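The values are calculated or read from the model by the stated rules, or taken from the named source; none is laboratory data. Because the structure is a prediction, the values reported are computed rather than measured. Backbone-built Cβ (ideal geometry, glycine too); neighbour counts: all protein chains shown.
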Amino acid sequence: MANIIKRMGAIEVLRVIRKGVSGNCMMVQQIPIDKIRPNPYQPRKEFSKQGLEELSQSIRQYGVLQPITVRKVGSDAYELIAGERRLRACQMIGMEYIPAIVLNIHERDSAIIAMIENLQREDLHYLDEAMGYACLIQDHGFTQEELAKRIGKNQSTIANKMRLLKLPDNIKKMLLENNLTERHARALLRLPDDDLKLKVLEQVISKKYNVKETEMLIERILRKLQSDKLGTIKRTKVKQACKKDVRIFINTIKKAVNMIKEYGLNPQMTQIDNEDSVEIIVKIPKYS
């Protein structure tokens, strides 16, 4: 199976598995539920309690219509590849065995199939998807380009999703708890620091801003920040110019004092630097 995945790609293999199940071409086994461990690369972190209860009632009435997919690990244990909702629902109603297709594949391929299985379901949260990509890249050495080819996505799609992981954990949690969209999250990424992101997000949540309102708010904030920055730069340049002009004036006075000395007089120049001014005293004797 591992060689087949290498030749065909994980998406095609998943298609073959489903086709084989529907056509009764693949062997389905009844395996003990307590021998199945979860897939560490399951991207989905949240499961609807109501959805699981509804699924468990359906399984109680009609049975498991589509077998889960597992791989053998060790002599008598299995690791889940696809079908965690079905497995959890069976556990909820106390089933001891579950129908499963057992694949002989490596962990790397198992992780890819688990990701694809979840990507093909519309309710996978964008933050779970982003974390799933990051885990595959970090743990299995994929580049973004390689991963994109394996799962049938554009490299830019993966890169844009993974940028969302730059958001602080508390902000990601608030996005999740308040059911805010991926576009809300992307808009927050434009802000320069985490404190400002949090402040804006709190405002978005309290005022129930939609995506367009959120983007307009952030655009106004960015324009103001840019204006303030330009004002600061301008004031700094003015101060620097003034300092430079003061030095020119002082040098002019020094040159004048030197010219007086050339005429045989002995002027005395004293310079006092105050906090906000320069005081210069020149004493010229009446007689040489």
**Prompt:** part of a loop (DSSP other than H, G, I, E, B) and assigned by TED's automatic domain parsing to the domain that holds E53 - does that describe any residue in region 95-102?
**Reply:** yes
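Condition check ((1) among the basic types (K, R); (2) closer than 17 Å to A100 by Cβ; (3) modelled with pLDDT of 80 or more) across all residues:
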site: E12; (1), (2), (3): no, no, no
site: R15; (1), (2), (3): yes, no, no
site: R18; (1), (2), (3): yes, yes, no
site: V21; (1), (2), (3): no, yes, no
site: P32; (1), (2), (3): no, yes, yes
site: I36; (1), (2), (3): no, yes, yes
site: N39; (1), (2), (3): no, yes, yes
site: E46; (1), (2), (3): no, no, no
site: Q50; (1), (2), (3): no, no, yes
**Request:** Assess whether S156 counts as being of a type in the set (G, A, S) and over 30 Å from Q30 (Cβ atoms).
**Result:** yes
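Of the residues L119, L103, which single one is more than 17 Å from R37 (Cβ to Cβ) and not small (G, A, S)?
L119
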**Request:** Enumerate the pairs (first residue in region 38-50 and in the same structural domain as R71 (by TED's automatic domain parsing); second residue anywhere and in a loop (DSSP other than H, G, I, E, B) and among the hydrophobic types (A, V, I, L, M, F, W, C)) with beta-carbon separation below 8 Å, excluding pairs fewer than 6 apart on the same chain, so at least 6 apart or on different chains.
**Result:** P43/L124; R44/L124
**Message:** For region 29-59, give me each residue that is buried (at least 16 other Cβ atoms within 10 Å of the Cβ), not in a helix (DSSP H, G or I) and not aromatic (F, W, Y).
**Reply:** I31, I36, N39, Q42, P43, R44
**Residue list for region 261-280, restricted to those being outside any loop (DSSP other than H, G, I, E, B) and closer than 15 Å to I250 by Cα** = Q268, M269, T270, Q271, I272, D273, V278, E279, I280
**Message:** For region 63-109, which positions are small (G, A, S) and at pLDDT 90 or above?
**Reply:** G63, A77, A89, G94, A100
**Prompt:** Would you pick out the residues in region 111-136 that are in a helix (DSSP H, G or I) and more than 30 Å from L196 (Cα to Cα)?
**Reply:** A111, I112, I113, A114, M115, I116, E117, N118, L119, L136
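Residues are listed down the side, and each one gets a yes or a no for (1) under 24 Å from M216 (Cα atoms); (2) buried (at least 18 other Cβ atoms within 10 Å of the Cβ):
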site	(1), (2)
G132	no, yes
G141	no, no
R150	no, yes
R190	yes, no
E202	yes, no
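Would you check if I105 is touching a residue at least 24 places away in the same chain (Cβ under 8 Å), among the β-branched types (V, I, T) and assigned to a loop (DSSP other than H, G, I, E, B)?
yes
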**Message:** Checking the structure you have, find out if any residue of region 64-76 is assigned by TED's automatic domain parsing to the domain that holds Q42, surrounded by 18 or more Cβ atoms within 10 Å (Cβ to Cβ) and touching a Ser or Thr at 6+ places or on another chain (Cβ under 8 Å).
**Reply:** yes
